[in-house]
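K.L.:
This is the structure, below, for whatever I ask next.
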Amino acid sequence: MKTKKAAIVGASGYSGEVLVQLLLNHPHAELVAVTSRQNAGQPLAQIFPKFASHPKSKTLRFSEPNAEVLAKQADIVFLALPHGVAAEFAVPLLQLGCQVIDLSADFRLRSAEVYKEFYAHDHPAPELLAKAVYGLPEVYRKEIKTAQLVAAPGCYPTSILLPLIPLLQAGLINPAGIIADSLSGVSGAGRKAEVDYLFCECNESVRAYGVPKHRHLSEIEQELSLAAGTKVTLQFTPHLIPVNRGIHTTLYLAPEKNFTTAAEAAALGEKIAACYVKAYANEPFVRLLEGKALPDTKNVVGTNVCEIAWRLDPRTGRLIVLSAEDNLVKGASGQAVQSMNLVCGWPETAGLV
C-alpha cells in the first residue's frame, strides 16, 4: 500500500502531541515535519521525551512553519493551530497541492456570518467554506474520501452529534428543547499558561464556563439542523472537571411521540435501539452499550472510540442519551487521522486500533 508523507503545523500543543504519536506509529503515513515557532530547531525527543525510543525522534526537529517548504516535504498537512491562524496556512497549502486536515474551527461552518458571530472576527478565507468537508466520518464518509480540505469537528460537538444525528434523521425526537450537559478534562482548554487552568485552580473543582453561548454551539446547531431538516437551537452547558482527558455528555430529549404506558415505552425503546444499531452497528469507533452499562471516560481515554447509551424516563417522559470520548483522540487528533485514512484510501482503522 502506497505511503504518504505527513506534516503537522502546531505540533507542540496537546492535540499536536497526540497527532505526533499517532503518525509516528501509523503503518502507511510517514511523519516528515513538525512545526512550532517556540520550539524551532529543537529535536522532537527533547520536547516530547516520551517519543525518545522512536527512531525518528533523533532526526525529526521542530521547524518554523512555512507553507512553501511544507508543500515540498509533505502530501498531507495537519493544522493544529488556533482558529483564525489555521486559515492563513490552509490557503497557500491548498494552492500548492497539499491535502489539508484542519483541527481548528476555521472551516467547520458553512456561513462566514455565523463564524463572525461566534468567533468575533471576519472569516479569513470565506471562499473555502463551501469546499471544506466536515470531518465526522460516521456522517460524511463519502464526502471525506474526495476532500482536499477536511475540517475536523470539535470535541464537544463530536460527543453531541454522534448520539443525536441518527435520532433526528429518523424523526424519533423533537428537534426543539434539546439540552446538552457536557463535562471535559482540562486538556480541552489547550496547552497554555492561564490562571484558570493551573493545578490549584482546577483540582477539587467543577465549574461551568462558556454560558450561555459556547463557540461550539455554532457547528453543533449547524449539523443538527441539517440532520433534522429544520432549524435546531440547543441549550448547551460545558463544564471543566479535574481530569486530564475525556468528555462525558448527557442529553435530555423529548421523544417525538409521548409514551404513557409500558407498551408505548417498550415500542419506543425498540425503535431507538433499532435506529442506533442501523447507524452504528458496523462503525469501528462507536460503541453502543447494552444492559446496565453507561459511558465512562476511563473506558475511552487513549482510544478513538465514542461510547453511547440511552434510557427512557417514564416519570418525566424524556429520553436521556449519554456519551463518552477522549477529547484529544476521537474529539480531535484521532478523528483527524480517521479522516486522513479515508482521504488516502487506507483502511479507516489504520493506526487507530
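The values are calculated or read from the model by the stated rules, or taken from the named source; none is laboratory data. All of these numbers come straight from a predicted model, not from anything done at the bench. Using ideal geometry, Cβ is built from the backbone for each residue, glycine included, and neighbour counts are taken over all protein chains shown.
K.L.:
Go through V34, V91, V9, V18 for me and flag whichever is surrounded by fewer than 22 Cβ atoms within 10 Å (Cβ to Cβ), modelled with pLDDT of 95 or more and under 25 Å from the mean Cα position of the chain (by Cα).
P.N.:
Values: V34 fails: surrounded by fewer than 22 Cβ atoms within 10 Å (Cβ to Cβ); V9 fails: surrounded by fewer than 22 Cβ atoms within 10 Å (Cβ to Cβ); V18 fails: surrounded by fewer than 22 Cβ atoms within 10 Å (Cβ to Cβ).
Being surrounded by fewer than 22 Cβ atoms within 10 Å (Cβ to Cβ), modelled with pLDDT of 95 or more and under 25 Å from the mean Cα position of the chain (by Cα) holds for just one of V34, V91, V9, V18, which is V91.
K.L.:
Right, R311: touching a Cys at 6+ places or on another chain (Cβ under 8 Å) and in the same structural domain as H248 (by TED's automatic domain parsing) or not?
P.N.:
Working: touching a Cys at 6+ places or on another chain (Cβ under 8 Å): no; in the same structural domain as H248 (by TED's automatic domain parsing): yes.
In short, no.
K.L.:
Using beta carbons and a limit of 7 Å, which pairs, at least six apart or on different chains, have the first residue in segment 279-303 and at pLDDT 95 or above and the second one in a loop (DSSP other than H, G, I, E, B) and of a type in the set (D, E)?
P.N.:
So the pair list comes out as P284/E348; V300/D326; V301/D326; G302/D326; T303/D326.
K.L.:
Kindly indicate whether L240 is under 15 Å from L162 (Cα atoms) and modelled with pLDDT of 95 or more. Working first, answer last.
P.N.:
Numbers: under 15 Å from L162 (Cα atoms): no; modelled with pLDDT of 95 or more: yes.
No; evaluated as a whole, the condition is false for this residue.
K.L.:
Which numbered condition trips up F62, out of (1) aromatic (F, W, Y); (2) under 22 Å from the mean Cα position of the chain (by Cα); (3) over 20 Å from L328 (Cα atoms)?
P.N.:
(2)
K.L.:
In segment 99-179, which helices (runs of 4 or more DSSP H) lie fully inside it and hold 3 or more residues that are under 17 Å from the mean Cα position of the chain (by Cα) and buried (at least 18 other Cβ atoms within 10 Å of the Cβ)? Give the steps one after another, and end with the answer.
P.N.:
Numbers: elements: 112-119, 137-145, 155-169.
Helices (runs of 4 or more DSSP H) meeting the threshold: 137-145, 155-169.
K.L.:
Since C200 meets every condition but one in (1) part of a loop (DSSP other than H, G, I, E, B); (2) over 30 Å from K271 (Cβ atoms), which condition does it not meet?
P.N.:
(1)
K.L.:
Can we say E143 is outside the structural domain of S15 (by TED's automatic domain parsing), farther than 26 Å from G185 by Cα and free of Cβ contacts under 8 Å to residues at least 60 places away in the same chain? Explain how you work it out, then say what you get.
P.N.:
Details: outside the structural domain of S15 (by TED's automatic domain parsing): yes; farther than 26 Å from G185 by Cα: yes; free of Cβ contacts under 8 Å to residues at least 60 places away in the same chain: yes.
Criteria met by E143.
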